[in-house]
Structure formats: structure tokens, C-alpha cells
Amino acid sequence: MAILRIFAALVCGIVFGLGLAISGMMNPAKVIGFLDVTGSWDPTLAFVMGGALLVAVPAYRLVLGRGHPALAGGLSLPANTRLDTPLILGSALFGVGWGLVGFCPGPAVAAVVTGLPTVIGFVAFMVAGMALHAWISGERPVRKGSPDAASDTG
Amino acid sequence: MAGGPAPVNILASPPAILIGGLLVGFGTRMGSGCTSGHGLCGLALLSWRSVVATAVFFGVAMVTVFLTGHVF
């Protein structure tokens, strides 16, 4: 079971990384072109999120209908349903950073394989930003299986 | 694809890259998710929090690109 879980995670990571690389999500210049709605807008990346949702929406229905995942005892779904200030403010701050550079967390981590100093610098400061938030909010490491583990996904 | 590695072309200046990194890391933790977490997983789960978060970070990112590319 444990080795199967690790293997499943590896396969998911490879598929996700391939999707980011092939679609162009890993290329900040292309992402900026997608966000540049008032300039020379390149709408092609809309198909990445649209295409992903075409798969993910029915896939989640399927998994939720089964009650539990194939390789785990239970699902860890977000428990918070409130539209609160941290959600809005955090998303806005993320939007500024995303618009400045064109990298969001997944593609930035995937792009580390290029070894470019600019990519490594971005990811280092991104991790620092995460640590800064943990420090300011007094967040403690979440123990596996604790109720807090069911917060939103990254 | 033309073959070879996927292009990774960053247009931002080094200070903007580092400030952007800090904001992306801090913001995604504070907002409990990013493009993948809210935009894909959250929307696929039909979560209202994710609908709002996705609208906010897309909107703010578009305004940021407008300001940095066409105003300043």
C-alpha cells in the first residue's frame, strides 16, 4: 500500500509536470501574454484550465461517489466554507506576484529543472514568503491525520 | 511542440522576480491556495471559496500586468 501510494504520487506528479510544460504554463512570458487582456492578448492558456476542469469535475464526482480514494482510507477535503478576509487578501497578494512575474507555485517548482538562477531565486523567495506567513500567523506544522490537515489544498 | 525542452522565458527584472516570489508564497498561504489548489481542485469541487479566490487572483493579476506593461 505504502509503495503503491508513492508510485501513484510519482505518476500524478509526472503527468501534472508534463501538462504544465507542454501547455506553456511553465513559461512566464506566455502566462503574462494570457493575463495581458488589454494588450496583445494570447487566450490559448484558457484551454489549460478549461481542459483540466473538463477532466477534474467529472473525476471528482467519481471519487466523491466512491466515498474513499483507491489508495487511502479517507478524503481530506477543505472544511472552511467562509468567504473571509485572509482568502480575499491572500488571493489578491498572490495575484500581484503572479502578474509581476508570470509564475504561480506549481509551474515555478517544475521550472527548477531548468537550473536558471532567476527560477531558483523566485522559488527561494516564494518559500521564504510561505515561511513568513507561517511565522506571522503562528502556524504550527500540521500533523498527519489531525483535523487541521483538512484545510484547503495548495 | 517543436521538440527540445519547454521554454522558460522570464521577462521581469531581478528585483521584481524576488518581490513576486515573496508575494506568491505569502499570498497562496494566506489565501489557502493557488492556481492549482483553488483554480483546478477547488473549482472542480464546486467550492465557493475557490470561485471567489480564482476571480480575485485572476483579476488582480490582469490589473498588475496592465499597470506594469502599459502604464509604468
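The values are calculated or read from the model by the stated rules, or taken from the named source; none is laboratory data. Not measured: the values here are computed from a predicted model. Here the Cβ positions follow ideal geometry from the backbone for every residue, glycine too, while neighbour counts run over all protein chains shown.
One table, with the values for the structure above:
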read-out	value
Filter result for A:Gly154 (modelled with pLDDT under 95 and at the interface with another protein chain (Cβ under 7 Å from one of its Cβ atoms))	yes
Test: residue in segment B:13-21 that is over 14 Å from the mean Cα position of the chain (by Cα) and more than 23 Å from A:Val119 (Cα to Cα)	no
Filter pass, A:Leu75 being at the interface with chain B (Cβ under 7 Å from one of its Cβ atoms), of a type in the set (A, V, I, L, M) and surrounded by fewer than 15 Cβ atoms within 10 Å (Cβ to Cβ)	no
Which listed residue is part of a loop (DSSP other than H, G, I, E, B) and either surrounded by fewer than 22 Cβ atoms within 10 Å (Cβ to Cβ) or out of contact with any helix residue (DSSP H, G or I) (no Cβ under 8 Å at 6 or more places or on another chain) (or both), from B:Leu18, B:Leu46, B:Leu67	B:Leu46
Answer residue from segment B:49-72, given it is over 16 Å from A:Leu89 (Cα atoms) and more than 7 Å from every other protein chain (Cβ to nearest Cβ) and is modelled with the highest pLDDT among those	B:Leu67
In segment A:104-127, residue farthest from the other protein chains (Cβ to nearest Cβ) [restricted to those that are in contact with a Leu (Cβ under 6 Å, 6 or more places away or on another chain) and hydrophobic (A, V, I, L, M, F, W, C)]	A:Ala110
Segment A:98-150 - residue that is at pLDDT below 95 and among the polar types (S, T, N, Q) and, of those, surrounded by the most Cβ atoms within 10 Å (Cβ to Cβ)	A:Thr114
Some residue of segment A:81-97 being surrounded by fewer than 12 Cβ atoms within 10 Å (Cβ to Cβ), of a type in the set (S, T, N, Q) and more than 19 Å from B:Leu45 (Cβ to Cβ)	yes
Close pairs (9 angstrom Cβ cut-off, 6 or more residues apart or separate chains): charged (D, E, K, R) in segment B:51-69, in a helix (DSSP H, G or I) anywhere	none
Search result, residues across segment A:11-38 that are of a type outside the set (Lys, Arg), in a helix (DSSP H, G or I) and either in contact with a Cys (Cβ under 8 Å, 6 or more places away or on another chain) or touching a residue at least 60 places away in the same chain (Cβ under 8 Å) (or both)	A:Phe16, A:Gly17, A:Leu20, A:Ala21, A:Pro28, A:Ala29, A:Val31, A:Ile32, A:Leu35
Evaluation of A:Leu54 against (1) more than 9 Å from every other protein chain (Cβ to nearest Cβ); (2) surrounded by 15 or more Cβ atoms within 10 Å (Cβ to Cβ); (3) not aromatic (Phe, Trp, Tyr) (one fails), failing number	(2)
All positions within segment A:41-58 that are more than 25 Å from B:Gly31 (Cα to Cα) and under 20 Å from the mean Cα position of the chain (by Cα)	A:Thr44, A:Pro58
Cβ pairs under 9 Å, 6+ apart, first in segment A:62-80 and β-branched (Val, Ile, Thr), second in a loop (DSSP other than H, G, I, E, B)	A:Val63/A:Pro69; A:Val63/A:Ala70; A:Val63/A:Leu75
